[in-house]
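The next block holds one structure in the form of structure tokens; read it before the comments.
No lab work stands behind these numbers, since they all come straight from the coordinates. Since the model is a prediction, treat every value here as computed from it, not as a measurement. Heads up, the Cβs are rebuilt from the backbone with ideal geometry, glycines too, and the neighbour counts pull from every protein chain shown.
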Amino acid sequence: MTVVHDNLEKTQAKMSAKSVSVFYGDKKAIDEVSIDIPTEYVTAFIGPSGCGKSTFLRTLNRMNDTIPSARVEGEIDLDGQDIYRSGMDVVQLRARVGMVFQKPNPFPKSIYDNIAYGPKIHGLAEGKDELDAIVEKSLKRAGLWEEVKDRLQDSGTALSGGQQQRLCIARAIAVDPEVILMDEPCSALDPIATAKIEELIAELNGRYAIVIVTHSMQQAARVSQRTAFFHLGKMVEYGRTSDIFTNPHEQRTQDYITGRYG
Amino acid sequence: MSERIAPTRTTAFEARLKKRYAAERRFKALGLTSILFSVAVLVFLLGTMTLNGIGGFQRVELEVPIDFTQAGIAADPSTMQQPGATQALEAQGLRDVVQFFAEEHLGDEAASQFGSQAWRDVADAIAADPSILRGEANFWLPASAGLASGYQGEGSSEMQALAAQLSEKGLIAKNFDPGFLSRSDATDPQQVGIWGALKGSMLTMIVTLLLAFPIGVLAALYLEEYAPKNRWTDLIELSINNLAAVPSIIFGLLGLAVFLTMFPNLRSAPVIGGMTLALMTMPVIVIAGRNAIKAVPPSIRDGALAIGASPVQVVFHHVLPLALPGILTGTIIGMARALGETAPLLMIGMRAFVATPPDGFASPATVLPMQIFLWSDEIDRGFVERTSAAIIVLLLFLLVMNGLAIYLRNKFEKTW
Amino acid sequence: MSPAILLLLALGLGLAGWLAARARAWAFRRASPDGRLPSLPNYHAWYVALWIVLPVLAFVALWSAIAPGLVSQSVLASPAAADLPAFGFQRQTMLNEARAVATGAAPAVFNPEAAGLVEPYREALSHYNLIGIVVTLLIAFLGGVWAFLRLRPDFAARTKVERIVMAILLGASLVAILTTIGILASLVFETIRFFGMVSPVDFLFGTHWGPDPMASPENPDSSRYGAVPLFWGTLFIGAIIAMIVAIPLGLMSAIYLTQYANPALRRWIKPALEILAGVPTVVYGYFAALTIAPAIRDVALSLGATNPSSESALAAGLVMGVMIIPFVSSMADDSIAAVPQAMRDGSLAMGATTSETIRRVLVPAALPGIVAGIMLAVSRAIGETMIVVMAASTAANLSGNPLEAMTTVTVQIVAMLTGEGSFDHPATLSAFALGFVLFMVTLGLNFIALSVVKRYREAYE
């Protein structure tokens, strides 16, 4: 069913999904998806809207738990352990698998408090100095430090859209996650802000396993090394980004990439 | 990962996690406790009122068998249908007849402990069915307030003793008192009823509804559909929003200073009470109405305008019918609030002692919550039960109204 | 009953006008070459009907306000009225009795002296009733004829009717402003009269409250009109004790209901809270006086308090707090629900627990709305009357001990206006001054709260 390109290097998968199906009530939103997500690369999920790519992304840190009617079948492993097993702690999981949303959602607090929120609730910093250091480091990694270092006490909501999104990325980085999930992080941003986020993703690549959902094929081509194509709740094809875009094995992938539907 | 290695996978983190979950559980329990507290208070309140109130629907009565064949009272069935029937029977000495048989059956001491109006119950029975005059009939007649509290184990020791004595012979009992719903106020708790207050409430509510509903709906339509964006409109909106939150007693002061100055003859009249409450209810209806009108999607207006309907036609043919369930829900809730309101009516003198039900919008009246307030001030133990019973009646009315509002809301709630 | 008759008359005439105009419009329509009119016949009918009913309604409203005055004037001018006592209660009673008999509300007069007045009353009533009916008919006829004569086949009846409808709509919404003006005017007017007798400084800053309605209204003792103890009692009961109960319980209830409760529980609890909110305050007052106040007194006694009051501030405040819980809860519910889901998701995705999300993100984000809700709750509590009238005391007391008796502004308004004092007495007028202070304070609280809520809503839209 799913075509997985066979020329992928054998790497240690950070996360791996095995026959994952997701239901909303009786409706099957994701059908038997299996995929390995490596640490070394940026993985992009592409596909027409409503294909389930965002739903699948949310299963990776169990954010779909917040939707009462959602139900997941199958197995998703993080470092070899099923995150849906009964003993799994959701709080710890989400601290390890961070998420950045489609629309920037900074808390209505100061820039500093936005970043410090995660370390504070998880108790990752002892004392103000350490917290300051985490805030500075996270903002630097998110490429926002130079722009906001003089106004850390300003409200996070006062920043521009692109800055807000980088703030959200910095917020996710502050707890040192192992995986960062990004759900169409640039869809609400202008091209210049988008370019900055893409640069940032390239810089973070390698340090964290990154999964990005995008509806823009160009963006997938620019930022990712691995691409999975979703269609109608199924993963149709998965392989190197270059292969998917230049030499797709599946007709549906071909049609989507050449713009026959979308 | 750079300096810190997977900080969220350390044992320290897991220890902290335990504490965090404990805090989570405490917080959740706190929330549940808060809710349970409110529910417990509600249950306790309703429970107290019900326990006290059950007694309020009853009264202590004495048994008196009357042999009318010895009494020599004549009653023409046709005159018995007329208003003067009671007086006619009184003129024939019915009072003494009742007193005679009471002394015979219960003894002198007990016979002196009838409520002063007890014989009227006999008169009513005769008026309802004159044929009983041809034979013997058994009556349960209200005891005096003193004997009644004696029967409940309170009051003076003589009365308690007398009550115990009568109770041994089965001559005294606490019986269901249907008259509570059909009589009016009185000084004796054995004789009171709520019909007068209830009728006053109904008359007042009719006036309130007739004034507040049309004005409220029309104002809501104007503000939501036609009002230009200018200072006047802002001022109107500000007034309405503020009026909705102004303490009710202030409306009473307005009623006192304006309505009673204009119509000094109508003190205590339902029409003044209704006008005062209408001013208080109108903003509630306007706000509910505006929300209901706002919920009608613009596409419906556009559709009607596009086939050439005038703005007035659009609103009255399309928007208003669709918004009506929401407006009605808000109206019922506003009316329920008005029905339970006491303070403004206190200001405009609707606290009269009204022993006969009001016969019109202009005659002196009281309302049910005011009756509750007046009875709550009485010292006699019998009034405690009567007050609770009146509260039960009031709460039942409110429950029905609120239930209706919730039902309407659920039935017509639409997501466009 | 005469206004009711006039109203029925107006409606009947309106219907007649409606039918006549409709018939005429149909006649136009049949006569017109293409069988069409610019306006439907019904609009012609409504045009005429409105021209009949509206002026008549205006007249009836005016007439029912002035007619009773005219009637009593003419009765007083009659020779029989010469024997009446010159002033006061007796005179009014007799007039009322005579009026009741004349209108048929009472079978006979109680006071023999009033009997002579019945006949003049009856005469005056029928005289003015006749005038009322004649003028009503005249106005209806003039309005109807004027409107009817304007009907033409090309008459734009719809536009005219719609213009009238718009005017009615505008008029309806002006009632709100009129009410506000009416409240302000009546309060300000009487307050100024009060301040003519008692200095505002003594009133606002004096610490002794004990007006004597029986004292001579001339030269009232200003030192007895110090309202500070009332303000303190009001704040202590409504803004402190009640809020200590209502804020935590209401807020936590809202949080549990919106964030934790499953839908089945919510379906049961929400109506329960609505019932709690719908219980009339007189019932709460009775509950407080009958159950809570004695219980608090007994507990205080057993704990060794000396002479606790059975009308303690604590009893009134606690019950008032319970009354306010649903209000705070629903305001907090709305505010928390207005925080975008994205905030919650953002926090949960960081690995925050639900309670951490609530305490550190949702509540701070909803804070402006919650604070505004609390301000509205305070405004409601300090204006609440029946609970304090029934459970608190009338004795002014400047104390911080919740077990002592205290009085509030609303209690004193009721006490001053339901007493026997005459309307010109400073004690009576002080009720209006207290009402004015209460109105201004609640107005201020509401105004700030509403604008905070408005700004807050806009921030998330």
Report summary line: Nearest 10, in degrees from 0 to 90: the angle of helix C:41-77 to the longest Cα principal axis of chain C is 80 degrees
Query raised in the report: What is the extension gain from C:LEU54 to C:ARG193, computed as 0.36 nm multiplied by their sequence separation minus the C-alpha to C-alpha distance, in nm to one decimal?
Result: 46.2 nm
Report summary line: Comparing B:ALA118, B:ALA323, B:ALA74 in a Gaussian network model of chain B (Cα, 10 Å), the one with the largest mean-square fluctuation is B:ALA74
Query raised in the report: So which chymotrypsin sites (Phe, Trp or Tyr not before Pro) in region A:166-262 pass both tests, a DSSP loop state and at most 15 other Cβ atoms within 10 Å of the Cβ?
Result: A:TYR261
Report summary line: In Å, the Kirkwood hydrodynamic radius from C-alpha pairs for chain C sits at 28.0 Å
**Report entry** Pairwise Cα inverse-distance average, inverted: Kirkwood Rh of region B:260-322 (Å)
**Finding:** 14.5 Å
Query - Evaluated over region A:87-150, the Cα radius of gyration and Dmax, each in Å - result: 12.9, 44
Query raised in the report: DSSP beta bridges in the protein assembly as shown, what fraction antiparallel, as a percent rounded to 5?
Result: 65 percent
Query - Longest segment of chain B lacking GluC sites (Glu not before Pro) that sit in a DSSP loop with at most 15 other Cβ atoms within 10 Å - result: B:155-377
Requested in this report: State the dimensionless ratio Rg/Rh of chain A (Rg: radius of gyration of Cα atoms; Rh: Kirkwood radius).
Outcome: 0.97
Report task. Give me the orientation-averaged projected area of the Cα convex hull of region A:199-245, in nm², one decimal. Result -> 3.5 nm²
Report task. List the relative contact order of chain B as a percent without decimals, with contacts defined as Cα pairs under 8 Å and 6+ residues apart. Result -> 20 percent
**Report entry** Cα-based shape type of region B:58-176, given that a ≥ b ≥ c are square roots of the gyration tensor eigenvalues and the cut on a/c is 1.5
**Finding:** prolate
Report summary line: Here the residues of region C:356-388 lying in the modelled label zone of B:ARG25, meaning backbone nitrogen under 20 Å from a point 7 Å along Cα-to-Cβ, are C:356-359
Report summary line: Averaging 1/r across every pair of distinct alpha carbons in region C:209-284 and inverting yields a Kirkwood hydrodynamic radius, in angstrom, of 16.4 Å
Requested in this report: Using only the Cα atoms of region C:292-440, build the gyration tensor, take square roots of its eigenvalues as a ≥ b ≥ c, and label the shape rounded, prolate or oblate: rounded if a/c is under 1.5, else prolate if a/b is larger than b/c, else oblate.
Outcome: oblate
Query raised in the report: What is the magnitude of the charge dipole of chain B about its Cα centre, with +1 placed on the Cβ of each Lys and Arg, -1 on the Cβ of each Asp and Glu, and no other charges, expressed in debye to the nearest 20?
Result: 3360 debye
Query raised in the report: To the nearest µm²/s, what D does Stokes-Einstein give for region B:7-54 at 37 °C and 0.692 mPa s, using the Kirkwood radius over alpha carbon pairs as Rh?
Result: 240 µm²/s
Query raised in the report: How large is the helix-only mean residue ellipticity at 222 nm for chain C, computed as the sum of -39500 (n - 2.57) over DSSP H runs with n ≥ 4, divided by its residue count, in deg cm²/dmol to the nearest 500?
Result: -24500 deg cm²/dmol
**Report entry** DSSP loop chymotrypsin sites (Phe, Trp or Tyr not before Pro) with at most 16 other Cβ within 10 Å: longest gap in chain C
**Finding:** C:111-422
Query raised in the report: Which one of B:PRO325, C:VAL378, B:GLN87 has its Cα pushed farthest toward the positive end of the charge dipole of the protein assembly as shown, where Lys and Arg give +1 and Asp and Glu give -1 at the Cβ?
Result: B:PRO325
Query raised in the report: Using alpha carbons only, how many degrees (0 to 90, rounded to 10) separate the axis of helix C:242-255 from the longest principal axis of chain C?
Result: 90 degrees
Requested in this report: Report, in deg cm²/dmol and to the nearest 500, the calculated mean residue ellipticity at 222 nm for chain B, where each DSSP H run with n ≥ 4 adds -39500 (n - 2.57) and the sum is divided by the residue count.
Outcome: -20000 deg cm²/dmol
Report summary line: Kirkwood-based Rg/Rh on the Cα set of region B:290-359 evaluates to 1.31
Report summary line: In debye to the nearest 20, the charge dipole size for the protein assembly as shown, taken about the Cα centre with +1 at each Lys and Arg Cβ and -1 at each Asp and Glu Cβ, equals 4240 debye
**Report entry** Along each principal axis, Cα extent of chain B, largest first, Å
**Finding:** 107, 72, 39
Query raised in the report: Which loop trypsin sites (Lys or Arg not before Pro) in region A:1-81, with loop taken from DSSP, have no more than 16 other Cβ atoms within 10 angstrom of their Cβ?
Result: A:LYS10
Requested in this report: List, in the order given, every pair from B:LYS229/C:LYS454; B:LYS28/B:LYS294; A:LYS109/B:LYS28; A:LYS140/C:LYS454; A:LYS53/A:LYS140 whose Cα-Cα distance in the structure shown is over 27 Å.
Outcome: B:LYS28/B:LYS294; A:LYS140/C:LYS454; A:LYS53/A:LYS140
Query raised in the report: Tilt of helix B:157-168 relative to the longest C-alpha principal axis of chain B, in degrees (0 to 90, nearest 10)?
Result: 80 degrees
**Report entry** Of B:ARG381, B:ARG20, B:ARG337, the one that fluctuates the most in a GNM where chain B has Cα springs shorter than 10 Å
**Finding:** B:ARG20
Query raised in the report: If you keep only loop residues by DSSP, which GluC sites (Glu not before Pro) in region A:49-137 have at most 11 other Cβ atoms within 10 Å of their Cβ?
Result: A:GLU126
Requested in this report: Could you work out which residue, out of B:TRP195, B:TRP232, B:TRP140, moves most in a Gaussian network model of chain B, that is, has the largest mean-square fluctuation with Cα springs under 10 Å?
Outcome: B:TRP232
Report task. With viscosity set to 1.002 mPa s and temperature to 20 °C, compute the Stokes-Einstein D of region C:2-155, Rh being the Kirkwood radius across alpha carbon pairs; µm²/s, no decimals. Result -> 118 µm²/s
Query raised in the report: To the nearest 20 debye, what is the magnitude of the charge dipole of region B:58-176 about its Cα centre, counting +1 on the Cβ of each Lys and Arg and -1 on the Cβ of each Asp and Glu?
Result: 260 debye
Query - Cα centroid of region B:216-281 to Cα centroid of region C:404-432, whole Å - result: 24 Å
Requested in this report: Quickly estimate the mean residue ellipticity at 222 nm for chain A, helices only: each DSSP H run with n ≥ 4 gives -39500 (n - 2.57), and the total goes over all residues, rounded to 500.
Outcome: -10000 deg cm²/dmol
Report summary line: Normalised per residue, the volume inside the convex hull of the alpha-carbon atoms of the protein assembly as shown in Å³ amounts to 262 Å³
